[in-house]
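Visitor: Below is one structure. I have some questions about it.
The values are calculated or read from the model by the stated rules, or taken from the named source; none is laboratory data. As the structure is a computational prediction, the values presented were derived from the model and not from experiment. Ideal geometry is used to build each Cβ from the backbone, glycine not excepted, and the neighbour counts take in all protein chains shown. For the accessible areas, the whole protein counts, side chains as well, though only heavy atoms, and no ligand, DNA or RNA atoms are used. Shrake-Rupley method; radii C 1.70, N 1.55, O 1.52, S 1.80 Å.
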Amino acid sequence: MQLKITLPILTIFVFIQITFGHQMPAHADESIFQPAIAWGGTKVIKKGSWGDLVSQGISKFEAKTNVSVHQVFAEEMDDYVAQIEKLAEEGYSPIIMTTSAPKSKKKLEQIIDRYPDRRFILTNGAYSIPNGFFIIFAYQETSFLAGYSAARKSKTGKVGFIGGVDIPVIRDYLCGYIKGVHYANPDIDVLFDFVGDGFKGWNDKPRAAELANLQIDNGADIIYTAAGASGPGALEAAHKRGKLGIGVDKNQNDLFPGSVLTSTVVHVDNTIYRALLASYHNVWGEQLKLFGLQEGAIELAFDEHNAPLISPELKLEIALVQEDIILKKISLPRYTEPESCLLGGNILF
């Protein structure tokens with residue numbers, strides 16, 4: 001379900017007010033509305049990646065408002081933190097932060113606190129600071145559905161997971177995936193690995209392919225990737241070995257038709273667009289926005305490319321499981337809330 005904004009301007013104001021805040025729309029002063037984004041690496045905006053989706057959301061905003069979003073790039077985390085501070089010093093606001101590794105959390109928090117008249121928008125993280133606005137996606141929900149699907153299709157009794165970097169948000173994916181697998185079949189094993197540390201973990205297709213091949217050698221016949229631009233390397237490896245992959249962020253079913261079971265789609269493009277538009281009109285009220293299956297911000301991808309892989313019966317099963325998740329009949333807390341992944345009273349990690 002693609003979330004598109006094709007409404008008249010007055011209706012858009014009403015929609016933004018409902019989604020992002022309760023204030024009446026008011027045009028933000030141009031002197032304080034100078035949007036910018038800091039990217040973690042120059043290679044993150046690859047076609048079909050998370051960065052590509054964020055970039056699409058920015059382009060949509062620029063086309064709508066004729067306001068340019070200043071963009072900076074950093075190759076290392078220390079440089080990334082310095083770029084954020086530089087943007088704040090130069091008067092940019094809002095500043096979109098695309099990453100927040102645990103090691104940099106304290107430094108970023110201090111920067112946000114030092115510039116109370118700036119607005120900071122962070123995806124995949126949250127701080128208790130008034131001028132920070134945070135977007136969180138319930139990745140564990142679609143990952144649960146991906147795990148359920150993988151377990152129902154596995155012939156070997158082993159499935160795999162490859163994350164980009166071992167950080168809490170990726171463990172949200174992993175925890176949800178394992179729970180979904182075991183919900184369908186508690187006897188199936190889940191193998192998991194991470195591509196690397198730092199920004200390179202999101203941009204290393206050869207390493208992702210290497211890990212996929214190792215998991216396949218160890219018996220996995222379906223591999224789910226949550227590794228940004230590294231992910232297609234694992235999908236290609238699975239395709240070459242006659243196994244199945246599961247894509248992430250964007251619908252990647254068409255990358256290797258017949259070899260991608262499904263994709264866990266995140267409509268971050270529309271979310272970034274709405275966040276910028278809400279900030280532009282000064283209607284963002286609440287600090288934290290949580291988007292999941294119920295909001296239509298995330299979903300599994302079904303199309304002509306994976307139709308032969310998912311029977312009508314399995315598709316119905318998935319739909320019923322999704323309904324149970326939305327109705328909270330299946331409990332799926334984020335990994336980052338208890339800082340652990342619990343299954344049946346046991347701590348998995």
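Visitor: Based on DSSP loop calls and a cut-off of at most 15 other Cβ atoms within 10 Å, the longest stretch of the chain free of exposed GluC sites (Glu not before Pro) is what? Could the numbers behind the result be given before it?
Guide: On the way: sites that count: Glu30, Glu75, Glu76, Glu90, Glu286, Glu304, Glu339.
Between the exposed loop sites, the longest stretch runs 91-285.
Visitor: Treating only the Cβ of Lys, Arg, Asp and Glu as charged (+1, +1, -1, -1), what charge dipole size does the chain show about its Cα centre? Round to the nearest 20 debye.
Guide: Details: 33 positive and 40 negative charges, 68 e Å.
With only Lys, Arg, Asp and Glu charged at Cβ, the dipole is about 320 debye.
Visitor: I'd like to check one number: the per residue accessible area of the chain, probe 1.4 Å, reported in Å² as a whole number.
Guide: Roughly 43 Å² per residue, with all protein chains present.
Visitor: Hey, what did the range 52-175 get for relative contact order, percent, Cα under 8 Å, at least 6 apart? Walk me through the numbers on the way to the answer.
Guide: Working: 112 pairs, mean separation 18.9, N = 124.
That works out to 15 percent.
Visitor: Mind giving me the nanometre distance, one decimal, between the label points for Lys103 and Val72, set 7 Å out from Cα along Cα→Cβ?
Guide: A separation of 2.0 nm, rounded to one decimal place.
Visitor: Which order do Phe291, Phe161, Phe73, Phe349 take when ranked by solvent-accessible area (1.4 Å probe, heavy atoms of all protein chains), largest first?
Guide: Numbers: Phe291 20, Phe161 0, Phe73 80, Phe349 45 Å².
The ranking, largest first, comes out as Phe73, Phe349, Phe291, Phe161.
Visitor: How charged is the neighbourhood of Leu145? Take every other residue with its Cβ under 12 Å from the Cβ of Leu145, and add Lys/Arg as +1 and Asp/Glu as -1.
Guide: Counting the neighbours of Leu145, the net charge comes to -2.
Visitor: Holding the Cα-Cα limit at 18 Å, pick out from Lys158/Lys205; Lys47/Lys205; Lys46/Lys153 the pairs that are longer than that. Before the final figure, lay out each step's value.
Guide: Numbers: Lys158/Lys205 23 Å; Lys47/Lys205 13 Å; Lys46/Lys153 30 Å.
Exceeds cut-off: Lys158/Lys205; Lys46/Lys153.
Visitor: Per the 1.4 Å probe, what fraction of the accessible area of the chain, in percent, lies on carbon and sulfur atoms? Before the final figure, lay out the partial values.
Guide: Numbers: 7820 of 15100 Å².
After summing per-atom areas, the C and S share lands at 52 percent.
Visitor: So how many Lys-Lys pairs in the range 63-136 land under 28 Å Cα to Cα, not counting same-chain pairs under 8 apart?
Guide: Numbers: Lys64/Lys86; Lys86/Lys103; Lys86/Lys105; Lys86/Lys106; Lys86/Lys107.
Lysine pairs meeting both conditions in the range 63-136 amount to 5.
Visitor: Using +1 at the Cβ of each Lys and Arg and -1 at the Cβ of each Asp and Glu in the range 292-345, identify which of Leu320, Ile330, Leu309 lies farthest towards the dipole's positive end.
Guide: Ile330
Visitor: So how strong a dipole does the range 240-308 carry about its Cα centre when Lys and Arg Cβ are +1 and Asp and Glu Cβ are -1, to the nearest 20 debye?
Guide: Working: 6 positive and 8 negative charges, 65 e Å.
Dipole magnitude for the range 240-308 comes out near 320 debye.
Visitor: Work out the length of the dipole vector of the range 133-190 about its Cα centre, built from +1 on the beta-carbon of each Lys and Arg and -1 on the beta-carbon of each Asp and Glu, and round it to the nearest 20 debye.
Guide: Numbers: 6 positive and 5 negative charges, 49 e Å.
Charge dipole, the range 133-190, about its Cα centre: 240 debye, nearest 20.
Visitor: Treating cross-link reach as a plain straight distance, find the lysines whose alpha-carbon is under 19 Å from the alpha-carbon of Lys155, omitting any fewer than eight places away in the same chain.
Guide: Hits, sequence-local ones excluded: Lys179, Lys240, Lys243, Lys315.
Visitor: State, to one decimal in nm, how far the label point of Asp113 lies from the label point of Ile32, with both points 7 Å from Cα in the Cβ direction.
Guide: Result: 2.2 nm between the two label points.
Visitor: Something else now. Quick one: check the C-alpha center-to-center distance for the range 211-257 versus the range 154-206, whole angstrom.
Guide: After rounding, the separation between the Cα centres reads 11 Å.
Visitor: Starting from the Cα coordinates of the range 95-247, work out the convex hull volume and express it per residue in Å³. Spell out each step's value before the answer.
Guide: Values: hull volume 14.8 nm³, N = 153.
Taking only Cα atoms, the range 95-247 has a hull volume of 97 Å³ per residue.
Visitor: Quote the FRET efficiency, to the nearest 0.05, computed for Leu290 versus Leu342 with a Förster distance R0 of 25 Å and r equal to the Cβ-Cβ distance.
Guide: Working: r = 20 Å, r/R0 = 0.78.
Efficiency, rounded to the nearest 0.05: 0.80.
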